[in-house]
Amino acid sequence: MLDITTADRLAIHEIIALHGHLADDRAWDRLAEVFAEDVIFDLEDFGYGTLRGLAALRALAEGSQDDEGQPLGHHVTNIVVVGAHGDQAQTRAKALAVNADGTTGTAVYEDRLRRADQGWRIYYRRVVARRKP
């Protein structure tokens, strides 16, 4: 049995879902509502390396927001809490992206979150590309 309340589970789902809205709205100044200041963001599968810190994540987002390869829509579904203890939780979710040319892509978000004074925040995210074998 996972050591997590229903309220915590709902808050975690909301945080993970909020990222897609912020990305699509280009609301980079609000990323601290989702990610911890010391976030580690692993984008190795997409060729961006591993980012360390919220400032690095913001810089990448701002620098690539006009790239035509960036999705128009970021969606997340199938969020499951796979581990939890005290003020930390691990989740797995499916990410779907809709591109300007109508194509789509999918990935898996492997997140680690911790509860802080301002609520749950993602402190580690690995984005795993789902590609045809």
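Laboratory data are not the source of any read-out in this text; all were calculated from the coordinates shown. Fair warning: this is a prediction, and the values are worked out from it, not measured in the lab. We place every Cβ from the backbone using ideal geometry, glycine too, and count neighbours over all the protein chains shown.
As a rough guide to protection, the peptides 97-105, 38-46, 118-126, 4-12 ranked by mean Cβ packing within 10 Å, highest first, stand as 118-126, 38-46, 4-12, 97-105. What does the net charge come to around Val76 if you take all other residues with beta carbon closer than 13 Å to its beta carbon, with K and R at +1 and D and E at -1? Result for the neighbourhood of Val76: -1.
Under a Gaussian network description of the chain, with springs only between Cα atoms under 10 Å, the residue in Leu72, Leu113, Leu57 that fluctuates furthest is Leu72.
For the chain, the longest principal axis of the Cα atoms and the long axis of helix 6-25 meet at an angle of about 20 degrees. The smallest convex shape that holds all Cα atoms of the chain, its convex hull, gives 110 Å³ per residue. For the residues Asp87, Asp24, Asp66, a GNM of the chain with alpha-carbon springs under 10 Å puts the largest fluctuation on Asp66.
For the chain, the relative contact order comes to 25 percent (Cα pairs under 8 Å, sequence separation of at least 6). Computed over neighbours whose Cβ is under 15 Å from that of Ala129, the net charge equals +3, Lys and Arg +1, Asp and Glu -1.
Sort largest first and round to whole Å: the equivalent ellipsoid semi-axes of the range 10-79, each the square root of five times a Cα gyration tensor eigenvalue. One finds semi-axes of 18, 15, 13 Å for the range 10-79. If both residues of a DSSP beta bridge must be in the chain, then about 90% of such bridges are antiparallel. Taking the chain as the reference, fit the longest principal axis to its C-alpha atoms, fit the long axis of helix 54-64 to the helix C-alpha atoms, and give the angle between the two in degrees, 0 to 90, nearest 10. With both axes taken from Cα atoms, the answer is about 20 degrees. For the pair the range 102-127 and the range 18-62, the centres of their Cα atoms are 10 angstrom apart. Near Leu22, once Lys and Arg are set to +1 and Asp and Glu to -1 for all other residues with Cβ below 10 Å from its Cβ, the sum equals -2.
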